[in-house]
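See below for the structure under consideration.
The values are calculated or read from the model by the stated rules, or taken from the named source; none is laboratory data. As the structure is a computational prediction, the values presented were derived from the model and not from experiment. Note that each Cβ is placed from the backbone with ideal geometry, even for glycine, and that neighbours are counted across all protein chains shown. Quick note on the areas: whole protein, heavy atoms, side chains included, nothing else; ligands and nucleic acids left out. Shrake-Rupley method; radii C 1.70, N 1.55, O 1.52, S 1.80 Å.
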Amino acid sequence: GLPVSIYRPGAISGHSQTGVFNSNDFLYKLIQGCIQLGVVPQAEMQLNLLPVDFASRSIVHLSQQPTAIGEAFHLLHPQPIQSTLLFEFLRSQH
């Protein structure tokens, strides 16, 4: 009988301005390993990365809307990227 809303974020990435990232996150560890080893996975993956600051602002905003009670919200980036683009960017920065 409690009024609730459901928030389902996709993969949460680092802060959009500072880049601060959860250092225990799988993607963070994957990127770190790729840089250390100098190799990247060959498999193509679609990455739906939502910056942590956007995710948190969205949840706070939605939670303050009276019409949000009883609703479910899927928080996803509107433009997912392919993993090859991420890895190409990493290579260009090295």
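Could you pull out every residue, at least 5 positions away or on a different chain, whose amide H is within less than 5 Å of the one on L47? Hs are placed 1.01 Å off N in the peptide plane, and Pro or chain starts have none.
I81, Q82, S83
Just to be sure I understand: of the beta bridges DSSP finds with both ends in the chain, what percent are antiparallel, rounded to 5?
Details: 2 of 9 bridges.
For the chain, the DSSP antiparallel bridge percentage is about 20.
Would you mind checking the radius of gyration and Dmax of the chain based on alpha-carbon positions, in Å?
Reported Rg and Dmax, both Å: 16.3, 54.
Taking region 45-94 as the region of interest, what is the percent of Cα-Cα pairs per 5 angstrom bin, listed from the shortest bin to the one with the maximum distance?
Reading upward from the zero bin: 4, 17, 19, 17, 15, 10, 7, 6, 3, 1.
So, by mean Cβ neighbours within 10 angstrom, what's the order for 37-44, 55-62 with the highest one leading? Let's see the in-between values first.
On the way: 37-44: 9.9, 55-62: 13.6.
Ranked from most to least packed, the peptides come out as 55-62, 37-44.
Mind checking the per residue accessible area of the chain for me, 1.4 Å probe, whole number of Å²?
Numbers: 6860 Å² over 94 residues.
Value for the chain: 73 Å² per residue.
For region 1-53, what is the relative contact order in percent, using Cα pairs closer than 8 Å and at least 6 residues apart in sequence? Don't jump to the answer; show the numbers that get you there.
On the way: 33 pairs, mean separation 28.5, N = 53.
Once divided by the residue count of region 1-53, the mean separation gives 54 percent.
Determine the calculated [θ] at 222 nm for the chain from helices alone, applying -39500 (n - 2.57) to every DSSP H run no shorter than 4 residues and normalising by the residue count; nearest 500 deg cm²/dmol.
On the way: 3 runs with 35 residues, N = 94.
About -11500 deg cm²/dmol.
Carbon-plus-sulfur fraction of the accessible area of the chain, 1.4 Å probe, in percent?
On the way: 4060 of 6860 Å².
In the chain, the share of accessible area belonging to carbon and sulfur is 59 percent.
Let me have the relative contact order for the chain, percent, based on Cα pairs under 8 Å that are six or more residues apart. Working shown, then result.
Numbers: 99 pairs, mean separation 42.2, N = 94.
The normalised contact order for the chain reaches 45 percent.
Given Cβ point charges of +1 (Lys, Arg) and -1 (Asp, Glu) and nothing else, what value in debye, to the nearest 20, does the dipole of the chain about its Cα centre take? All intermediate terms of the calculation are to be shown ahead of the outcome.
Working: 4 positive and 5 negative charges, 18 e Å.
With Lys and Arg at +1 and Asp and Glu at -1, about 80 debye.
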